[in-house]
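Novice: One structure, pasted below without further comment.
The values are calculated or read from the model by the stated rules, or taken from the named source; none is laboratory data. Remember, predicted model here, so these are calculated numbers, not experimental data. Here the Cβ positions follow ideal geometry from the backbone for every residue, glycine too, while neighbour counts run over all protein chains shown. These area figures cover heavy atoms from the full protein model, side chains too; ligands, DNA and RNA do not enter into them. Shrake-Rupley method; radii C 1.70, N 1.55, O 1.52, S 1.80 Å.
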Amino acid sequence: MKAAVQPPSTTHPAWLILVLSLAPTIGLGIGRFAYALVLPDMRDALGWSYSAAGFMNTINAVGYLAGALLASRMIRRFGLTRTLRWGTLAAVISLALCAVSGNFFVLSFARLLAGIGAAGGFVGGAALAATIAQTRPERANFLLSLFYAGPGLGILASGLIAPFVLQGFGPGSWWIVWWAMTLLSALLIMPLLLAPLGGGVDIDSAAPARFSVGPVLPYLIGYFLFGAGYIAYMTFMIAYVRDGGGGAAAQSLFWSLIGMSAFATPWVWRRVLALDRGGLTTAIILGVNAIGAALPIFGHSPLLLAISALVFGVAFFAVVGSTTAFVRFNYPPSAWPMGIAAMTISFGIGQTLGPIVVGAITDAVGSLSFALNVSAAMLATGAVLCAFQKRLKTTA
């Protein structure tokens, strides 16, 4: 069978994948997760309930889900590189829209656009990264994990900027943060637009691939629960830190620790990601993620919160990477974009429901701690389900 994708260039694979990682840096690390940093100020300034605040991440997740559903079609029509670049550019534009208006509907549209763009950038980038990693089979898992360190850079950068902008300009300065994030993203997208990522890389339409849900149903449900569980932590933890008395420095440190932990991911999980044992890799990493999410339940101690951020962060990014490794181990190259898109859709449905459900629970019981309990429980359940996923018999 003809290979579905060809290596895009002779440039060093690690360099190319690091450039590709700028797509999730912008679309996810900044476009999605920076919202948590400005959420408390936006909620106070705009008079939102927790449900309304959660809706902003829900509509972002709806966009991400829509983008994931359209990704395979977009890739077949426009190619991996164009899908990656246009999706990331849409995410940058969405950040500017967040800065220009406090209108709930304008902000909702901006968050929707951010999700659509992030999904296109992620699916296109992940498929390209998997292809590039295959050119060095002996280091493929390590190289692939570099792509998933991208969101950590966005989280780290926004964590070092947003809390201090809010502190410096005072209450109601959330829109200035969005302008700062827009400028940062405009700078970060330049290497992605200029690097030789392989304009001729395409999916081989003569070798259509099938993706059946049945054989991977436990894995898809487990990944759905990961999407629902992690987003609650990433949406409301800054509010939890602030409610516990944490000022700008504490919020910045907490968020930056999550981002910094991503850079350790390729080394911490290198051997685990190399395991070709069905869903076991994802189960192990997701279990650690659940532990990190559960730690804040025991209090607001700075040390406890710091450990939670590090444990959650180092596992969070690896969970996403493990799904691409699962697809690469269990499907032929022609099925990689479709397989990654299917995983992203499952994940997207979970994170669509997670923020608004947890926000509603918080409004009902008046406690963020209870919502975080629900988040940790969903992550733990997802880990158990992934452990039941067997290796697929057909791998080529």
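Novice: Treating the Cα atoms of the chain as identical point scatterers in vacuum, please give the log10 of the normalised Debye intensity I(q)/I(0) at q = 0.09, 0.12 Å⁻¹, two decimals.
Specialist: Rounded to two decimals, the profile gives -0.46, -0.83.
Novice: Once you charge only the Cβ atoms, +1 for Lys and Arg and -1 for Asp and Glu, what is the size of the charge dipole of segment 58-163 about its Cα centre, to the nearest 20 debye?
Specialist: 320 debye
Novice: Further question: Hey, what number do you get for the chain at 222 nm if only DSSP H runs of n ≥ 4 count, each worth -39500 (n - 2.57), divided across all residues, to the nearest 500?
Specialist: -25000 deg cm²/dmol
Novice: Relative to the longest principal Cα axis of the chain, at what angle does helix 217-243 sit, 0 to 90 degrees, rounded to 10?
Specialist: Once rounded, one gets 30 degrees.
Novice: Next up: Share of the chain's accessible area from carbon and sulfur, percent, 1.4 Å?
Specialist: 69 percent
Novice: Quick one: helix 35-46 against the long Cα principal axis of the chain, what's the angle to the nearest 10°, folded into 0 to 90?
Specialist: 40 degrees
Novice: Could you give the accessible area per residue of segment 288-367, probe 1.4 Å, as a whole number in Å²?
Specialist: So segment 288-367 comes to 29 Å² accessible per residue, rounded to a whole number.
Novice: Given the options Val62, Val106, Val374, state which has the largest fluctuation in a GNM of the chain using a 10 Å cut-off (strictly under) for Cα springs.
Specialist: It is Val106.
Novice: Can I ask one more? Under a 1.4 Å probe, what is the accessible area of segment 62-118 per residue, stated in Å²?
Specialist: 43 Å²
Novice: Quick one: helix 150-169 against the long Cα principal axis of the chain, what's the angle to the nearest 10°, folded into 0 to 90?
Specialist: For helix 150-169, the angle is close to 20 degrees.
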